[in-house]
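Notes follow the structure.
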Amino acid sequence: MTNELWGKDRPLLMERLGRLLGSTTYRDQDSGGGTPFSSRKLTAEAELLVSLKMAQRHPDDVGPWIVYSLALQVDDRQREIVEWLAGKLEQGTGSTGKRNRDRMLPVALAAYKLAVHGIEVDAPIHRNHRDFTLLANIGAGWLWMKCEGALDRWEFALRNEGEQALDVKGVIA
């Protein structure tokens, strides 16, 4: 099930985001565990938001918001993400998507809850249970893939010098 993926991959996602922000999980006996608050200008969460926003391809790209929601387990931009996913599921799942067109928003919301919170939503009993579960699992997988794509763009930009580089500190200052 997809919730097994969620439980296994979320800690790796948080580590990856921490490395991109310049922090590390390495600690020794004498370390206090991070930058002192007085020397920081923005919280790591705010810096993460700015960086992710800069990795956005176009104004309707929900990838950065998916990363933020998955990483922090918050329902930020949930409506935009669910509406995007409902459209993608309807268009990208062939006859199953067309057959379930009228209930794609509840399916996309179930996929969102599964991907972000690891909560499996029960399918409505009076409808095709198999289609609902199938589409919700596909949707949760697509949310994780969209997250990976946004992170890959962010990592690429951070590694490259020049116009494509994301200079978070420069934008904030």
Subject >> Close pairs from the range 140-154: first modelled with pLDDT under 90, partner of a type in the set (A, V, I, L, M, F, W, C) and not in a helix (DSSP H, G or I), Cβ under 7 Å, at least 6 apart >> reply: ALA150/ALA55; ARG153/ALA55; TRP154/ALA55; TRP154/LEU166
**OP:** Just one of (1) over 26 Å from LEU52 (Cα atoms); (2) surrounded by 13 or more Cβ atoms within 10 Å (Cβ to Cβ) trips up ASP122, so point out which.
**Re:** (2)
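Being among the small types (Gly, Ala, Ser), modelled with pLDDT of 85 or more, touching a helix residue (DSSP H, G or I) at 6+ places or on another chain (Cβ under 6 Å) and more than 15 Å from HIS117 (Cα to Cα) is the requirement here; does GLY97 meet it?
Values: among the small types (Gly, Ala, Ser): yes; modelled with pLDDT of 85 or more: yes; touching a helix residue (DSSP H, G or I) at 6+ places or on another chain (Cβ under 6 Å): yes; more than 15 Å from HIS117 (Cα to Cα): yes.
Yes; evaluated as a whole, the condition is true for this residue.
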Subject >> Sole exception among (1) open to solvent by 30 Å² or more (accessible area, probe 1.4 Å); (2) under 20 Å from ARG77 (Cα atoms); (3) β-branched (Val, Ile, Thr) for THR133, by number >> reply: (2)
Subject >> ALA111 vs. criteria closer than 24 Å to LYS53 by Cβ and part of a helix (DSSP H, G or I) >> reply: yes
**OP:** Can you work out which of the residues in the range 56-106 that are within 16 Å of TRP144 (Cβ to Cβ) and more than 15 Å from the chain's Cα centre (by Cα) is surrounded by the fewest Cβ atoms within 10 Å (Cβ to Cβ)?
**Re:** GLY92
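The values are calculated or read from the model by the stated rules, or taken from the named source; none is laboratory data. Just so we're clear, the structure is a prediction, and the values are computed from it rather than from any experiment. Note that each Cβ is placed from the backbone with ideal geometry, even for glycine, and that neighbours are counted across all protein chains shown. Surface accessibility is based on the protein's heavy atoms, side chains included, excluding ligands, DNA and RNA. Shrake-Rupley method; radii C 1.70, N 1.55, O 1.52, S 1.80 Å.
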